[in-house]
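The values are calculated or read from the model by the stated rules, or taken from the named source; none is laboratory data. Everything quoted here is computed from the prediction, not taken from an experiment. Quick reminder, even Gly has a Cβ in these numbers, built from the backbone with ideal geometry, and neighbours come from all protein chains shown. To get the accessible areas, we keep the full protein, side chains included, count just its heavy atoms, and leave off ligands, DNA and RNA. Shrake-Rupley method; radii C 1.70, N 1.55, O 1.52, S 1.80 Å.
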Amino acid sequence: MPIYFVRHGQSEFNAVFKRGGGDPMIFDAPLTELGRQQAINAREEIRDLGIRHVITSPLTRAIQTAQLLFPDGVSMEVRDGHHELLLHSCDVGRPPQALSNDFPHLEFGHLAAEWWHSDGTGGITVEPEDVFKTRIAEFVRRLDTIMERPLLIVGHGNAFNEIIGRQLANCEVHRYR
């Protein structure tokens, strides 16, 4: 049974950053109105895939995308491992309790207090490439243990690029295997 990848919709960070001017310091960026519409539009493409289970990254833009893709509910869980390579403010996550306050229907208790790459200072600590590659390889290995299929993974550009060798567009649906 197949596994599908979907990159999150456009985030507030994406919208500002692509205009230039450096990191706009938008931590754990939520979706823009365009990003929400991208997710709603992607529903049509995934409707007939028979998705039984969704895994989303703990970053807000991915969770929001997953919820918009499946407004009527589907088995959904939050996992780290395929979250974004930490390069900018938007890639810094939030503690499980903060996420739980915003998304009370999802479980976050299994996440570490700082599940994103961090040096413990609370700032932006760029994730070393070898650490990122090891993390993504471990996530891919764990995919084989998930029996609920068809499975859809909502995640991020650099993570999916590491797995499939190309950047997905916002809300692009990719059949992985």
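Please determine whether any residue of region 19-32 is closer than 16 Å to residue 160 by Cβ, charged (D, E, K, R) and in contact (Cβ under 8 Å) with a residue 12 or more places away in the chain.
Our first condition is that a residue be closer than 16 Å to residue 160 by Cβ; within region 19-32, this holds for none.
Among the residues of region 19-32, not one is closer than 16 Å to residue 160 by Cβ, charged (D, E, K, R) and in contact (Cβ under 8 Å) with a residue 12 or more places away in the chain, which makes the answer no.
If you take the residues of region 138-173 that are of a type in the set (A, V, I, L, M), open to solvent by 40 Å² or more (accessible area, probe 1.4 Å) and modelled with pLDDT of 95 or more, which of them is nearest to residue 48 (Cα to Cα)? Give the steps one after another, and end with the answer.
Within region 138-173, the first condition is being of a type in the set (A, V, I, L, M), and the residues that meet it are 140, 143, 146-147, 151-154, 159, 163-164, 168-169, 173.
From what is left, the residues that are open to solvent by 40 Å² or more (accessible area, probe 1.4 Å) are 147, 164, 169.
Checking the rest, the ones that are also modelled with pLDDT of 95 or more come to 164, 169.
Values: 164: 23, 169: 21 Å.
So the residue we want is 169.
Condition check: open to solvent by 40 Å² or more (accessible area, probe 1.4 Å) and closer than 21 Å to residue 139 by Cβ. Does residue 52 satisfy that? Here the answer is yes, as residue 52 does meet what is asked.
Scan region 60-83 and give yes if some residue there is open to solvent by 10 Å² or more (accessible area, probe 1.4 Å), part of a loop (DSSP other than H, G, I, E, B) and under 19 Å from residue 122 (Cα atoms), otherwise no. Checked against the condition, which is being open to solvent by 10 Å² or more (accessible area, probe 1.4 Å), part of a loop (DSSP other than H, G, I, E, B) and under 19 Å from residue 122 (Cα atoms), region 60-83 yields at least one hit.
Taking the conditions exactly as written (in a loop (DSSP other than H, G, I, E, B) and more than 13 Å from the chain's Cα centre (by Cα)), does residue 145 satisfy them or not? Yes; evaluated as a whole, the condition is true for this residue.
Contact map, region 52-70: first residue more than 13 Å from residue 99 (Cβ to Cβ), second residue acidic (Asp, Glu) and open to solvent by 10 Å² or more (accessible area, probe 1.4 Å), Cβ cut-off under 8 Å, separation 6 or more or different chains; pairs are 52/148; 53/77; 53/148; 54/77; 55/77.
Sort through 107, 77 and tell me the only one that's within 25 Å of residue 162 (Cβ to Cβ) and acidic (Asp, Glu). Steps first, answer last, please.
Values: 107 fails: within 25 Å of residue 162 (Cβ to Cβ).
After ruling out the rest, the residue left standing is 77.
Restricting region 1-27 to residues that are buried (at least 21 other Cβ atoms within 10 Å of the Cβ) and in a loop (DSSP other than H, G, I, E, B) leaves a set whose member that is farthest from the chain's Cα centre (by Cα) is 10.
Picking from residues in region 95-104 that are surrounded by fewer than 20 Cβ atoms within 10 Å (Cβ to Cβ) and touching a helix residue (DSSP H, G or I) at 6+ places or on another chain (Cβ under 9 Å), the one that is nearest to residue 70 (Cα to Cα) is 103. Of all residue pairs spaced 6 or more apart or on separate chains, those with beta-carbon atoms under 7 Å, a first member in region 126-147 that is farther than 14 Å from residue 85 by Cβ and a second member that is aliphatic (A, V, I, L, M) and surrounded by 13 or more Cβ atoms within 10 Å (Cβ to Cβ) are 140/163; 143/3.
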